[in-house]
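Peer 1: Submitted below is the structure of interest, expressed as structure tokens.
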Amino acid sequence: MLKYSKIRKDLDIENMNGNAEDLAFFTHYLQNHTNGVSKSFKKRAVEYYNQQNTNLSIASEPELQAMLPIKWDIPFPSPQKPEFTFIDLFAGIGGFRIPMQEIGGKCVFSSEFNYHAQRAYELNFGEVPFGDITKLDLNAVPKHNVLCAGFPCQPFSISGKMKGFEDTRGTLIYHIFKIIEKREPDVVLLENVKHLLYHDKKRTLTTIIQHLEELGYKVSKKVLNASDFGLPQNRERIIIVGHKNKKFDFSKLKTKSKPVLKSFLDKENDFEFLNEPYTILEEMKTQDSGLIFAGYRNKTIRKAGVRPNTEHLSRVHKQPNRIYSTDGVHPALPSQESSGRFWIYHENEVRKLTIQECYKIMGFPRKFKLINNKSELYRQVGNSVAVPMIKEVASQIKEQLITSIKIKDAEYIS
Ligand SMILES: C[S@@+](CC[C@H](N)C(=O)[O-])C[C@H]1O[C@@H](n2cnc3c(N)ncnc32)[C@H](O)[C@@H]1O
């Protein structure tokens, strides 16, 4: 059996060399060669392979078919006996794909247009995601049971001139609706920042739910916190679930008591300590969220633009100045390292989380491979989802909404 790592090396898949779209067809074909979905990708995959063929050591076989089956020597191979199919839109680094695969889902399509995220995704799942969702040929998106999308919160206002989801034309959510309309997945699972609840005087969320209903779905939503699913991070996100016949019941989710940050930390690493004056409070303040405010950096107090009599607060209000105790949870990881990874007070010292610790408090398994680009690693993890939280939602989706689905080859066919 040919190893994926060999194909990857021979075709220089890792670097993509401007061939991301060809490689998306090629890797999607390899991932699906045993099921009917492969026909969506085969033509372009074969064309690409034949162009490359002449210079390759795997070229001794004239037919792409001769490479199959493949030994998937990657961290997260697809399940051997899938119980349902899903697609991974705005896929990032695969925070949905890990838990969906763990509960028996087979990914039949992924889309993500950021080069670094595509690289991280391919490194872990052996598949290059398709690029810009606004330019997708919908025929390449196969039929599937569950549509997953942690879409970016993009402001949109409703023109009110058109009917149904055409109102959202020109926005990213519009392209999700187009896929739902064409492929009619059994379940739609969407994730976004908590602020979506209030965006544009609540009109954005109302419109999304209304359009899902117009497309034939019964919709439920809830704000969930990663700290209720075994992670020491105060990360609130809205989860929206739509199903053709039944409303998803969020009350069945199994939650856990909040863990403390210190039990997730590395004993040894190249830590970044705070080497300037700071103050640790004698009485630390525990917040309802589980955050424990431990102190602050002694930076010059910012006065400009601060309301009279609140100058003393401005030091602590600037988040990068705050220090949190590791007896509590960590604030939500931001997507920009520069906008402030937070300071933590641990074993009488003040330091920041290492990149490995960041991936740990998002629930990424140890075997998840990191690309070699530090600022991108922070961006990717801050953009991603709390893996155990999605796993609990996905398990309940499977239990409540897709128990009766059995995969036969025919059901893969678009
Ligand atoms: C909030 S992040 C989702 C991260 C993902 N859930 C994960 O687990 O890593 C949104 C992602 O959408 C991607 N994106 C934004 N616009 C896109 C587009 N037009 N087509 C494809 N991907 C897009 C971004 O690059 C980003 O990685």
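Computed from the coordinates by the stated procedures, all read-outs in this text should not be read as laboratory data. Since this is a predicted model, take the numbers as computed values, not measurements. Using ideal geometry, Cβ is built from the backbone for each residue, glycine included, and neighbour counts are taken over all protein chains shown.
Peer 1: At a Förster radius of 30 Å, what calculated FRET efficiency corresponds to the Cβ-Cβ distance of GLU184 and CYS153, to the nearest 0.05? Walk me through the numbers before you get to the answer.
Peer 2: Details: r = 26 Å, r/R0 = 0.85.
For R0 = 30 Å, the calculated efficiency reads 0.75.
Peer 1: Provide the percentage of antiparallel DSSP beta bridges, counting only those with both residues in the chain; round to the nearest 5.
Peer 2: Working: 28 of 51 bridges.
Bridges in the chain that DSSP calls antiparallel: roughly 55 percent.
Peer 1: How much length is gained on full extension from THR34 to ASP327, taking 0.36 nm per residue of separation minus their Cα-Cα distance? Don't skip to the answer; put the middle values down first.
Peer 2: On the way: separation 293, 0.36 × 293 = 105.48 nm, distance 4.94 nm.
Here the answer is 100.5 nm.
Peer 1: Once you put a point 7 Å from the Cα of LYS367 and another 7 Å from the Cα of GLN80, both along the Cβ direction, what distance in nm separates them?
Peer 2: 1.3
Peer 1: Something else: Filter LYS202/LYS252; LYS81/LYS244; LYS194/LYS256; LYS194/LYS391; LYS42/LYS398 down to the pairs with a C-alpha to C-alpha distance above 23 Å, please. All intermediate terms of the calculation are to be shown ahead of the outcome.
Peer 2: Numbers: LYS202/LYS252 26 Å; LYS81/LYS244 25 Å; LYS194/LYS256 21 Å; LYS194/LYS391 19 Å; LYS42/LYS398 30 Å.
Violating the 23 Å limit, Cα to Cα: LYS202/LYS252; LYS81/LYS244; LYS42/LYS398.
Peer 1: Check cross-link reach from LYS299 to the aspartates and glutamates: straight Cα distance under 17 Å, and skip same-chain residues fewer than eight apart.
Peer 2: Within the straight-line limit of under 17 Å, LYS299 reaches these aspartates and glutamates: GLU276, GLU311.
Peer 1: Past the 22 Å Cα-Cα mark, which pairs from LYS201/LYS258; LYS106/LYS367; LYS221/LYS367? The partial results should precede the final answer.
Peer 2: Numbers: LYS201/LYS258 32 Å; LYS106/LYS367 19 Å; LYS221/LYS367 32 Å.
Beyond 22 Å between Cα atoms: LYS201/LYS258; LYS221/LYS367.
Peer 1: Among 265-278, 196-209, 384-397, 14-27, what's the highest-first ranking by average C-beta atoms within 10 angstrom per residue? Please list the in-between numbers first.
Peer 2: Values: 265-278: 11.2, 196-209: 16.0, 384-397: 23.6, 14-27: 18.4.
The packing order, highest mean first, is 384-397, 14-27, 196-209, 265-278.
Peer 1: Kindly give the semi-axes, whole Å and largest first, of the ellipsoid equivalent to the chain, taking each as the square root of 5 times a Cα gyration tensor eigenvalue.
Peer 2: On the way: eigenvalues 312, 146, 78 Å².
Computed over the chain, the values are 40, 27, 20 Å.
Peer 1: Straight-line reach from LYS254: which aspartates and glutamates fall under 18 Å, measuring Cα to Cα and dropping same-chain residues less than 8 apart?
Peer 2: Excluding near neighbours in sequence, the set is GLU102, ASP228, GLU236, GLU392, GLU399.
Peer 1: Within 10 Å of each residue's Cβ, count the other Cβ atoms and sort MET1, MET284, MET100, MET362 from fewest upward. List each step's numbers first, then the result.
Peer 2: Working: MET1 10, MET284 16, MET100 27, MET362 24.
Fewest to most other Cβ atoms nearby, the residues stand as MET1, MET284, MET362, MET100.
Peer 1: Here is a further query. So for each of 328-336, 132-140, 101-109 I average, over its residues, the number of other beta carbons within 10 Å; can you give me the resulting order with the highest mean first? If you can, show how the numbers build up before the last one.
Peer 2: On the way: 328-336: 20.4, 132-140: 12.9, 101-109: 23.2.
Going from most to least packed, we get 101-109, 328-336, 132-140.
Peer 1: Here is a further query. Once both labels are modelled 7 Å past Cα along the beta-carbon direction, what's the GLU214-HIS195 spacing in nm?
Peer 2: Spacing of the two 7 Å Cα→Cβ label points: 2.6 nm.
Peer 1: Reachable aspartates and glutamates from LYS3, Cα under 12 Å, same-chain residues fewer than 8 places away excluded?
Peer 2: In chain and number order, the partners are ASP73.
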